[in-house]
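Readers should treat all values here as calculations from the given coordinates under stated rules, not as data from a laboratory. Because the structure is predicted, anything quoted here is derived from the model rather than measured. No Cβ is skipped: glycine too gets one built from the backbone with ideal geometry, and neighbour counts run over all protein chains shown.
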Amino acid sequence: MLETLRQNMSLVEVCEQTLKQKIILQTADSQNITVTPEEIQNEVDEIRRNKHLEKASDTMAWLNEQMLTPDEWEIAIQGHLLTKKLATYLFEEKVESYFAERRLNFDRFVIYQISVDCQKFAQELFYQIEEEEISFYEAAHLYDLDERARSLCGYTGETNRLSFSPGIAAAIFQDPLPIGILLGPIQTEEVHHLVRIEKYIPADLTPTVRQEILDSLFEEWISKELNYIINMQQ
């Protein structure tokens, strides 16, 4: 077993996860944070609803696919809930200030992009789109380097500023924002991009964003705790 883990380069990861779990359990215990059987059952019910596991046999079939026993699933759920409770206990009061200080990072944008490997061709496409000889979406469908991007006509999804390389971010996130304006070509390494911001969604402290911040603060904290323990053992 150990040799298999070493070959897969996962032994360190397993040890780190074990130590993290120990930190979580010890910290939660010191603060009298627990997970009740009712909370576990509620989470089980929620997962079953979301995955449409209406019958017990459906649940068992799904667990078999995940290579989990019911007891292992319950332990995993307990660990997940305990982690969420601990994160909330430690960092709930810091969420709003964290959001306020980094508000721009939580703005979201609906972006379309065309990426090609020739600067001259990218410039030609830019002029053709500007002159309405071809639509942006048709050009993306025909010429983008990435097959998935071609199938989506250049749609890259709803994303934030941090998802882009510094070169692209500096070019497209201007003040005022160039909504609906074709930008480019923008070069990153050997690739040339034409970009259009279709929609700007201002940041709001939604439950989803709140959880993202809690997760980020918690991960930063537990990484520091883990590094402290590792350094103490050296």
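Structure summary
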{"quantity": "Lysine pairs within the chain, Cα separation less than 17 Å, 8 or more sequence positions apart or different chains", "calculated": "8"}
{"quantity": "The chain, Rg to Rh (Cα coordinates; Rh as Kirkwood inverse mean 1/r)", "calculated": "1.08"}
{"quantity": "Residue 127/residue 75 FRET efficiency (R0 41 Å; Cβ-Cβ; nearest 0.05)", "calculated": "0.10"}
{"quantity": "Alpha-carbon centroids, the range 215-234 and the range 194-212: separation in whole Å", "calculated": "30"}
{"quantity": "Kyte-Doolittle mean at least -0.5, axial Cα span of 15 Å or more - DSSP H helices of the chain", "calculated": "11-30, 70-91, 207-233"}
{"quantity": "Neighbour-limited loop hits for GluC sites (Glu not before Pro), the range 134-199 (at most 14 other Cβ within 10 Å; DSSP other than H, G, I, E, B)", "calculated": "189, 190"}
{"quantity": "P(r) tail fraction, the range 156-219 - alpha-carbon pairs more than 16 Å apart, %", "calculated": "56"}
{"quantity": "Surface/4 of the Cα convex hull for the range 11-73, nm²", "calculated": "5.6"}
{"quantity": "Taking all pairs of distinct alpha-carbon atoms in the range 18-111, Kirkwood radius in angstrom", "calculated": "16.0"}
{"quantity": "Selected from 64, 79, 50, residue furthest toward positive end of dipole (the chain; charges at beta carbon)", "calculated": "79"}
{"quantity": "For the range 72-191: span of alpha carbons on each principal axis (Å, largest first)", "calculated": "57, 38, 25"}
